[in-house]
Amino acid sequence: MFADRSMELRTDQERLYRENSRTLTAVAMRYVHDREVAEDIVHDSWIIIFSNLDSLKSEDKLLPWMKGIVRNLSLKHLAGQKRHPSTPISDDH
């Protein structure tokens, strides 16, 4: 019985991922303007989403909740960039 529920949960997570990854990546892109960084943010967001999904009270608030997680991680990334700006590496030695 546990294995059946576990498989069902995995299937639900995969469906949620497939149906929302593009949207969440678009949200991150609005902030960071770098696809690779946006994909990293969305990856980290999925970990938070799947870890806290059971705390969500209403299914109709799912997408706004997920977008909020992506937005917050995007803003956190940008704040980290301001504190630690990257310096380009020069080829002239």
Take residue 19, project a point 7 Å from its Cα along the Cβ direction, then tell me which residues of region 52-67 have their backbone nitrogen under 12 Å from it. 59-63
Do any trypsin sites (Lys or Arg not before Pro) in region 1-74 lie in a DSSP loop with no more than 16 other beta carbon atoms within 10 Å, and if so, which? 57
Can you work out the Karplus-derived ³J(HN,Hα) for every residue in region 15-22? Use 6.51 cos²θ - 1.76 cosθ + 1.60 with θ = phi - 60°, whole Hz, and x for glycine or proline. 5, 4, 4, 4, 6, 10, 4, 4
Accessible area in the full protein assembly, largest first, 1.4 Å probe, for 14, 19: 19, 14
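The values are calculated or read from the model by the stated rules, or taken from the named source; none is laboratory data. Just so it is clear, the model here is predicted, and its values are computed rather than measured. Positions of Cβ are backbone-derived with ideal geometry, glycine not excepted, and every protein chain shown enters the neighbour counts. The protein model used for the area step is the full one, side chains on, heavy atoms only, and it has no ligands, DNA or RNA in it. Shrake-Rupley method; radii C 1.70, N 1.55, O 1.52, S 1.80 Å.
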